[in-house]
Amino acid sequence: MTVRFDKLGVVIAAIVAYAAFAAPFATFRANRIVPGEARSILEALPAATGSPLLAVIVAAALIALLKTPLIMRLAAGVVALAALALLIGVAGSFLTPEGNTFARISPASGFWLLIFAFTLLLADVLTRLNLSPWARIGVLVVAAAAIGMLLVSGSWNSLSILKEYANRADSFWAEASKHVTLALGSLAAAVIAGLPLGILCHRVEKLRAGVLNVLNIIQTIPSIALFGLLIAPLGWVATHVPGAASLGIRGIGTAPAFVALFLYSLLPVVANTVVGLAGVPRAANDAARGMGMTERQRLFGVEFPLAFPVILTGIRIVLVQNIGLTTIAALIGGGGFGVFVFQGVGQTAMDLVLLGAVPTVALAFPAAIILDAVIEMTSTGRREAQPA
Amino acid sequence: MIEIEGITKRYDATTVVDDVSMVIEPRTIVVIVGTSGSGKTTLLRMINRLVEPTAGVIRLDGADNRSLPGYELRRSIGYAIQGHGLFPHRTVAQNIATVPVLLGWDAARIKRRVDELMTLYQLDPQAFGPRYPHELSGGQQQRVGVARALAAEPNVLLMDEPFGALDPIIRNKAQEDLLAIQKRFGTTIILVTHDMEEAVHMGDKIAVMDAGKLVQYAKPAEILAKPASAFVETLVGASEKPFRLLSLGRVRDAVETGTAEGEAIPGDASQRDALAELLWSGRPALPVKGADGKPLGRVTVGGLVKRAARPA
């Protein structure tokens with residue numbers, strides 16, 4: 001019997017080999033800003049858990065390397081990830097000296113690479129399983145629940161990023177809600193303004209090129225510059241338009257951040273609306289008119305439902321883009337997770353940067369998965385009819 | 001009755017339809033033939049006002065077609081197009097129900113009508129009703145397209161190259177189905193095509209259009225026998241003329257007394273089919289049988305050839 005290798009498995013096994021034996025598993029620092037000292041798996045964990053973890057990782061990597069049944073690969077990925085997630089918390093308490101509140105333990109490159117490698121394995125398995133949209137959302141919910149339970153249980157509390165969180169628990173949730181409000185609010189505004197604009201561009205050909213070009217240009221302005229550019233006009237509005245200031249419109253703060261995010265969101269929404277409407281089969285439109293639909297009935301009964309998956313794709317782009325871009329809003333006092341990122345950069349405290357960055361990714365990733373699932377659900381049965 | 005009077009359509013400087021007048025009798029099939037760009041589709045689309053004429057009047061049963069809002073007019077006229085134009089996001093049953101829903105029929109009546117039409121078109125309502133158009137074959141899609149056009153029992157049905165995208169065998173079947181349904185419902189059908197064969201086969205009358213003008217409007221036999229211009233002559237196809245003429249006649253009308261050997265041909269078959277069979281089998285005569293299977297007599301090569309000659 002010949003041994004057969006899995007192509008992706010070779011890559012995964014190579015990453016795992018390097019991460020488990022050559023790269024540091026955790027970093028120990030005497031306080032939050034001094035450079036850290038690397039600790040390997042065997043150094044970072046008590047002897048009773050370090051060797052078993054290595055054994056689990058090597059076994060999982062072997063399963064990934066060889067051509068094995070999907071269900072086995074799935075189990076290997078889940079077990080390896082769960083072991084890593086649990087034991088990094090153990091490393092945190094094991095490495096922290098008794099009664100020392102200044103020492104910081106954080107996951108190091110080896111840990112992140114192992115997480116990456118096994119996530120790759122799981123992603124590959126899930127793709128090959130070809131799950132239905134609902135099943136994908138189910139997997140997401142289970143993963144989120146597992147991470148949530150680890151957070152609540154306190155097993156990660158000795159890790160540096162959660163120590164930063166413990167110091168800032170109140171402001172964390174305030175900034176989180178600002179972040180979500182900014183990202184979703186600007187998206188909602190962009191959809192409310194962008195859909196009619198897209199429909200107008202579709203109907204009036206003369207308008208199309210002009211509007212899309214202007215939006216394209218806005219899209220190319222670097223985000224920091226756009227935030228800056230908005231300070232002057234919004235400051236002017238605040239001082240000269242009665243009532244504007246009391247609505248919260250100022251040169252800095254949430255208003256310019258909101259406006260900038262709104263402007264960035266317009267292009268994907270408008271462009272995808274135009275593309276979606278243009279993709280509606282001519283014959284279907286002609287038949288709709290020929291059978292006596294009014295313009296409204298045709299728009300809402302035929303054009304819109306057929307363009308919907310494409311429009312939704314635009315909304316997905318905007319959502320993920322906004323969740324990321326909102327971090328920059330902190331620069332002009334807009335709030336959000338960016339506050340921690342910039343504070344952390346200022347204090348050279350990487351853990352604080354992570355406290356801003358990790359939740360941002362944790363928001364964007366599920367948002368993408370959920371919207372992808374919704375797009376697939378709305379597209380079923382609506383594929384373009386083949387010409388007879 | 002549809003009266004088209006002095007209808008003209010201009011786009012800027014281009015005249016697409018030029019002063020066309022014709023009368024379409026109720027319960028007949030009129031086929032509008034022409035090359036692409038002849039204005040035939042534009043003429044058709046002015047009847048249900050998908051295109052508004054620059055000048056002229058179209059009256060349906062005496063009433064100007066502008067006396068109703070366009071969308072209400074269109075709900076009362078069936079409309080079927082090439083490539084069927086089914087809504088890909090709606091099921092077959094929902095597609096067929098489009099106009100009845102627009103007209104606000106109650107659910108039970110819509111379901112009855114949809115089931116009736118699907119059965120008529122040999123599509124099992126249980127099996128095909130909940131399917132989406134992309135799950136059907138081309139021929140089935142086309143049948144659903146025509147069923148949808150007929151859903152609200154229109155007196156008039158407009159068809160723009162409805163069979164253009166079908167392969168020859170399915171097209172023949174679709175044509176026969178349409179003829180049968182026209183007989184059953186007595187619908188007035190105006191059908192646009194570029195295919196003279198289809199026109200001769202389907203039309204009670206044929207309207208030939210060229211460069212926006214109505215060149216000739218007559219019964220198929222007359223178009224074949226007395227083409228009004230060189231253009232019509234080309235369209236008819238000089239070498240095809242005798243065969244097209246034969247295709248208009250039934251075998252029963254060419255029967256002579258006497259008997260012949262071999263398999264009998266039904267009296268309903270076209271004279272063209274009979275001639276083809278005679279030539280192919282190398283026989284001088286064929287027996288003819290009636291619908292009840294009784295012998296009617298025979299057809300001969302000589303007799304058919306005489307009938308294929310230009311009428312005096």
- [ ] May I ask you to verify whether B:Thr98 is among the β-branched types (Val, Ile, Thr) and under 25 Å from the mean Cα position of the chain (by Cα)?
- [x] yes
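Identify, please: which residue in segment A:275-296 is in a helix (DSSP H, G or I) and within 7 Å of another protein chain (Cβ to nearest Cβ) and is, among those, farthest from the chain's Cα centre (by Cα)? It would help to see each step written out before you state the result.
Let us first name the residues in segment A:275-296 that are in a helix (DSSP H, G or I), namely A:275-278, A:282-290, A:295-296.
Subset that is within 7 Å of another protein chain (Cβ to nearest Cβ): A:283-284, A:286-287, A:289-290.
Values: A:Ala283: 39, A:Ala284: 37, A:Asp286: 41, A:Ala287: 42, A:Arg289: 42, A:Gly290: 45 Å.
Per the criteria, the residue is A:Gly290.
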TODO: List the number of the failed condition for A:Ile252; all other conditions in (1) among the hydrophobic types (A, V, I, L, M, F, W, C); (2) in a helix (DSSP H, G or I); (3) surrounded by fewer than 19 Cβ atoms within 10 Å (Cβ to Cβ) hold.
DONE: (2)
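Could you check segment B:8-127 for helices (runs of 4 or more DSSP H) lying wholly inside it with 1 or more residues that are more than 14 Å from chain A (Cβ to nearest Cβ) and touching a Gly at 6+ places or on another chain (Cβ under 6 Å)? Please lay out each step first, then the result.
Values: elements: B:40-47, B:70-75, B:92-96, B:98-103, B:107-120.
So the answer is B:40-47.
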Open item on the list: Here's a check for you: in segment B:128-165, which residue that is assigned to a loop (DSSP other than H, G, I, E, B) and polar (S, T, N, Q) is farthest from B:Leu86 (Cα to Cα)?
Closed with: B:Asn155
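For the structure I just gave you, tell me whether B:Arg131 is more than 8 Å from chain A (Cβ to nearest Cβ), of a type in the set (Lys, Arg) and buried (at least 17 other Cβ atoms within 10 Å of the Cβ).
Numbers: more than 8 Å from chain A (Cβ to nearest Cβ): yes; of a type in the set (Lys, Arg): yes; buried (at least 17 other Cβ atoms within 10 Å of the Cβ): no.
Answer is no for this residue.
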- [ ] Quickly run through segment B:58-98 and pick out the residues that are among the hydrophobic types (A, V, I, L, M, F, W, C) and closer than 20 Å to B:Ala165 by Cβ.
- [x] B:Ala80, B:Ile81, B:Leu86, B:Phe87, B:Val92, B:Ile96
- [ ] List the strands (runs of 3 or more DSSP E) that sit entirely inside segment B:197-312 and contain at least 3 residues that are out of contact with any Gly (no Cβ under 6 Å at 6 or more places or on another chain) and within 21 Å of B:Val20 (Cβ to Cβ).
- [x] B:205-210, B:213-218
- [ ] State which residue is nearest to B:Thr98 (Cα to Cα) when the search covers only segment A:269-303 and only residues that are surrounded by 21 or more Cβ atoms within 10 Å (Cβ to Cβ) and out of contact with any Leu (no Cβ under 9 Å at 6 or more places or on another chain).
- [x] A:Ala288
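Among the residues of segment B:166-194, count how many are assigned to a helix (DSSP H, G or I), under 13 Å from the mean Cα position of the chain (by Cα) and within 14 Å of another protein chain (Cβ to nearest Cβ). Give the steps one after another, and end with the answer.
Within segment B:166-194, the subset assigned to a helix (DSSP H, G or I) is B:168-185.
After this cut, where a residue has to be under 13 Å from the mean Cα position of the chain (by Cα) as well, the list is B:171-183.
Imposing the further condition that a residue be within 14 Å of another protein chain (Cβ to nearest Cβ) reduces the set to B:171, B:173-174.
Residues flagged as assigned to a helix (DSSP H, G or I), under 13 Å from the mean Cα position of the chain (by Cα) and within 14 Å of another protein chain (Cβ to nearest Cβ) within segment B:166-194 amount to 3.
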Open item on the list: Checking the structure you have, find out if any residue of segment A:147-159 is among the small types (Gly, Ala, Ser) and modelled with pLDDT of 90 or more.
Closed with: yes
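Out of all the residues in segment A:190-198, is one or more in a helix (DSSP H, G or I) and either over 23 Å from A:Arg316 (Cβ atoms) or polar (S, T, N, Q) (or both)? Before you say what the answer is, go through the steps one by one.
The first filter runs over segment A:190-198 and keeps only residues in a helix (DSSP H, G or I), leaving A:190-198.
Restricting the remaining residues to those that are either over 23 Å from A:Arg316 (Cβ atoms) or polar (S, T, N, Q) (or both) gives none.
No, because not a single residue in segment A:190-198 is in a helix (DSSP H, G or I) and either over 23 Å from A:Arg316 (Cβ atoms) or polar (S, T, N, Q) (or both).
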- [ ] Restricting attention to segment A:339-353, report how many residues are surrounded by fewer than 21 Cβ atoms within 10 Å (Cβ to Cβ) and of a type outside the set (Val, Ile, Thr).
- [x] 6
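The values are calculated or read from the model by the stated rules, or taken from the named source; none is laboratory data. Bear in mind that the values here come from a model prediction, so they are computed numbers and not experimental data. Cβ: placed from backbone, ideal geometry, glycine included. Neighbour counts: every protein chain shown.
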